[in-house]
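Q: Shown below is the structure under consideration.
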């Protein structure tokens, strides 16, 4: 028997990503988002949604670029910090210890401590209501060698990314693999 | 040191959801997606992206509705099945054993075996390239009592949702909680 919980954003899991931007003054900022996801394979695109008051909002409009930085679970505390406080009145890099380097490809900062980064150019801005959805075209993926397996593929056990569960607002990392996609279903 | 992997959809984690639709003939279909995410809190909205040849594509255009059904890891094999084969030449419900009931709120089927379901009305259709992104407004969330904690919140350990990792195409479930969002960052 299922209960009605009303119209709420209670789907799971959602990703936990650090969005990197430069504001009009050139100050780097990081903001944590869980409203986002991959949205197209070709061109490769990702969505991130922000509320208009967020400091990153104006920065993305201004620079037409952002990075999506995947933090490992080791950094869950400073990552949460970047979702609580605003870059308008905080220097979140100094406060968390995260450091950045300017992307060579887009006008946005890459987080040194994040082992997987998508460098994105702003493709579309879609006003939905409380949130604005930005569609970014992934210009390149940068990955630390430490998260690659022997065949050069990203190993989720090494990447150790964070999930957010809107239901009880908990963070989780991943279990060991439970199977191979586009493969295990054929056994049925 | 980070390597360039080129413009690819290699971000993680992504959700694994079953999208439920009725086609023009009224046949229920389920298709598995990992390109999607929550995109707005108010109105509550979710994106799912599909390639135009997918059977669900025409169904969503026709019915202006879909459901997002969250399967638990116990159903990873039939869920993978629904992402491999097309509803155009398969009756995926009969083949997987998934059963559905018509939503009372939107013109789409709800999967009995999925403990968490978002019933969505189509709000926007955004052509991006290989994929089309559908923005659905969440009209209601239905949750099985078995996935709720004592306070009525969705417990991810009970929900046991599936993640997909584009890097090595593995499925994973979640680890136990690693912290509380909007809270643990304040300890910094």
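Q: Only one of (1) in contact with a helix residue (DSSP H, G or I) (Cβ under 9 Å, 6 or more places away or on another chain); (2) more than 10 Å from every other protein chain (Cβ to nearest Cβ); (3) surrounded by 15 or more Cβ atoms within 10 Å (Cβ to Cβ) is not met by residue B:99, so which one is it?
A: So residue B:99 meets the others, but not (3).
Q: Is it the case that some residue within region B:172-182 is touching a helix residue (DSSP H, G or I) at 6+ places or on another chain (Cβ under 9 Å), outside any strand (DSSP E or B) and at the interface with chain A (Cβ under 7 Å from one of its Cβ atoms)?
A: The answer is yes, given that some residue of region B:172-182 is touching a helix residue (DSSP H, G or I) at 6+ places or on another chain (Cβ under 9 Å), outside any strand (DSSP E or B) and at the interface with chain A (Cβ under 7 Å from one of its Cβ atoms).
Q: Any residue in region A:10-17 that is more than 7 Å from chain B (Cβ to nearest Cβ) and closer than 20 Å to residue B:11 by Cβ?
A: Yes: one or more hits.
Q: For residue A:104, only one of the following conditions fails: (1) under 26 Å from residue B:138 (Cα atoms); (2) more than 7 Å from chain B (Cβ to nearest Cβ); (3) surrounded by fewer than 22 Cβ atoms within 10 Å (Cβ to Cβ). What is its number?
A: (1)
Q: When the residues of region B:22-39 are narrowed to those that are within 18 Å of residue A:34 (Cβ to Cβ) and free of Cβ contacts under 8 Å to residues at least 40 places away in the same chain, which ends up nearest to the other protein chains (Cβ to nearest Cβ)?
A: It comes out as B:37.
Q: Which one of these does residue B:106 not meet: (1) free of Cβ contacts under 8 Å to residues at least 12 places away in the same chain; (2) part of a loop (DSSP other than H, G, I, E, B)?
A: Just one mismatch for residue B:106, condition (1).
Q: Something else: I'd like the residue in region B:143-161 that is more than 17 Å from residue B:75 (Cα to Cα) and part of a strand (DSSP E or B) and, out of all such residues, is nearest to the other protein chains (Cβ to nearest Cβ).
A: Ranking the candidates gives B:154 first.
Q: Now, a different point. Can you name the condition, by its number, that residue B:5 falls short on among (1) under 22 Å from residue B:167 (Cβ atoms); (2) in contact (Cβ under 8 Å) with a residue 40 or more places away in the chain?
A: Here residue B:5 meets the rest and fails (2).
Q: Please pick out the residue among A:164, A:134 that is more than 7 Å from every other protein chain (Cβ to nearest Cβ) and either within 17 Å of the chain's Cα centre (by Cα) or at pLDDT below 95 (or both).
A: The unique qualifying residue is A:134.
Q: Could you please find all residues in region A:112-131 being in a strand (DSSP E or B), more than 8 Å from every other protein chain (Cβ to nearest Cβ) and crowded, with 24+ Cβ neighbours inside 10 Å?
A: A:119, A:120, listed by residue number.
Q: Can you tell me which residues in region A:138-149 are touching a residue at least 24 places away in the same chain (Cβ under 8 Å) and farther than 14 Å from residue A:36 by Cβ?
A: A:139, A:140, A:141, A:142, A:143, A:144, A:146, A:147
The values are calculated or read from the model by the stated rules, or taken from the named source; none is laboratory data. Keep in mind it's a predicted model, so treat the numbers as computed, not measured. Neighbour counts are summed over all protein chains in view; Cβ atoms, including those assigned to glycine, are modelled from backbone coordinates with ideal geometry.
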